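In what follows, a single structure is set out as structure tokens and then discussed.
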């Protein structure tokens with residue numbers, strides 16, 4: 001007669017088990033990257049979970065609150081991945097914040113990174129009532145926007161020790177692994193080499209897809225969500241040409257510049273490019289944000305990877321974006337900002353890159369465009385300019401005479417499928433639509449000839465062409481339908497060809 005099935009915590013840990021324990025540690029309420037790295041610098045993921053379940057590693061106090069009730073004194077690192085023997089004396093409780101080595105300085109950004117997090121209550125299953133609830137900044141409701149059985153208003157979070165005693169990490173993680181989620185941890189297998197010595201690395205990293213391309217030279221192409229048509233076309237062209245040159249293109253999967261850069265790299269991949277694109281998410285790797293980029297996420301996951309330091313199921317929240325940007329900066333050899341407003345999130349990426357000694361370059365923009373105020377300020381402050389992919393390759397010491405020299409086939413309008421699939425952000429292309437403008441329509445030609453490289457108003461078009469308003473309006477409508485012009489905030493723009 002066989003005995004009861006042994007608990008996962010009592011089994012000898014395999015590599016997959018260690019990954020499950022790492023994922024579970026990352027999901028504990030109040031666990032931040034700096035705290036997680038400090039714990040994993042002393043313990044394996046499984047041994048850390050054992051220490052938590054025995055109350056030897058306790059949840060750090062939220063900022064502005066009193067510390068743990070039990071004393072927080074340093075403990076010696078465990079020498080084995082097995083539970084302590086019953087005859088060993090109990091060690092005092094170890095605060096997670098004191099778990100980092102005494103001689104190592106706390107990462108500079110840790111105060112901002114140790115933001116409260118929580119397991120999704122629905123994921124815990126066997127955890128029982130009280131794991132999640134709006135009992136503080138680290139509750140499941142406050143952090144994930146969802147509740148669950150026992151997530152009662154005002155109910156405080158349970159201590160880590162209680163959670164760890166009731167949750168089997170291997171059983172909790174198995175469904176996520178079955179859906180294609182993978183996990184690694186600081187100094188663990190598959191952890192990106194660039195992040196090992198990062199001043200503020202993720203303690204645990206999740207992904208879907210394949211992260212093998214992170215071993216190549218990586219360049220970030222980032223920018224504003226509220227991009228101009230010219231900015232999106234430029235990001236698309238950079239993403240395409242860099243991927244065609246063997247560069248892994250990283251971005252944040254957002255609307256505007258990010259999405260266009262990913263789409264360009266995917267188009268190059270469909271044309272046989274040797275590299276692809278990787279997205280760094282501010283949500284869990286399985287939570288698409290924004291929703292209108294669902295097809296783009298699927299393409300990036302299929303041909304590259306979507307990575308995140310947030311466990312599966314976590315939503316995108318405002319405070320996660322700056323922390324996400326430091327991961328982008330830590331993974332790349334160079335950051336290119338296409339468009340950014342004066343207080344744009346891309347400037348966080350630039351700041352994080354400069355802290356890591358990573359060069360930042362920008363695409364110059366019109367001094368009349370609010371979308372380029374931040375990038376033009378960086379240019380004024382000394383950042384190098386980028387005109388095309390050759391400038392990026394030159395900055396990396398990789399320029400070759402056979403490097404991409406011209407714009408690729410442009411992306412389709414309004415989410416039309418192009419080359420590799422979906423481009424939900426880039427503007428209409430001037431390629432392939434010439435036949436939509438009759439060659440015998442001199443008025444449409446005259447309107448196009450009135451454009452230079454900068455946006456113009458309707459009044460300026462009338463002055464330059466000498467046409468009446470009705471005729472000009474007819475031509476403008478036809479040109480917009482043909483993809484030769486775009487209108488934005490009262491300005492007419494001719495997309496780059």
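Values quoted throughout were computed directly from the atomic coordinates according to the rules given, and no laboratory measurement underlies them. Worth saying up front: this structure is predicted, and the values here are computed from it rather than measured. Cβ placement follows ideal geometry from the backbone for every residue including glycine, while neighbour counts extend to all protein chains displayed.
Per-residue Cβ neighbour counts within 10 Å put 234, 184, 217 in the sequence 217, 184, 234, beginning with the fewest. Its Cα gyration tensor gives segment 279-401 an equivalent ellipsoid, and the semi-axes of that ellipsoid, as √(5λ) in whole Å with the largest first, are 27, 18, 14. What FRET efficiency do you get for residue 487 and residue 441 if R0 is 25 Å and r is their Cβ-Cβ distance, rounded to the nearest 0.05? The computed FRET efficiency comes out at 0.80.
For the peptides 219-230, 333-344, the ranking by mean Cβ contacts within 10 Å, running from highest to lowest, is 219-230, 333-344.
So what is the relative contact order of segment 210-422, in percent, for Cα pairs below 8 Å that sit 6 or more residues apart? Relative CO of segment 210-422 lands at 22 percent. Distance between the pseudo-spin-label points of residue 449 and residue 216 (7 Å out from Cα toward the beta carbon): 4.5 nm. Centre-to-centre separation between the Cα atoms of segment 460-476 and those of segment 275-290: 44 Å.
So how do 265-276, 242-253, 313-324 stack up, highest first, on mean other-Cβ count within 10 Å? List each step's numbers first, then the result.
Values: 265-276: 21.7, 242-253: 27.0, 313-324: 18.3.
Averaged packing, sorted descending, gives the order 242-253, 265-276, 313-324.
Between residue 477 and residue 354, the simple label model (points 7 Å from Cα in the Cβ direction) yields a spacing of 4.9 nm. Residue ranges 32-39, 298-305 sort as 32-39, 298-305 when ordered by packing (mean number of other C-beta atoms within 10 Å per residue, highest first).
Going from the fewest other Cβ atoms within 10 Å to the most, the residues 348, 293 appear in the order 348, 293.
One Cα centroid belongs to segment 360-392, the other to segment 179-235; the line between them spans 23 Å.
When 398, 31, 467 are sorted by how many other C-beta atoms sit within 10 angstrom of their C-beta, beginning with the fewest, the order is 398, 467, 31.
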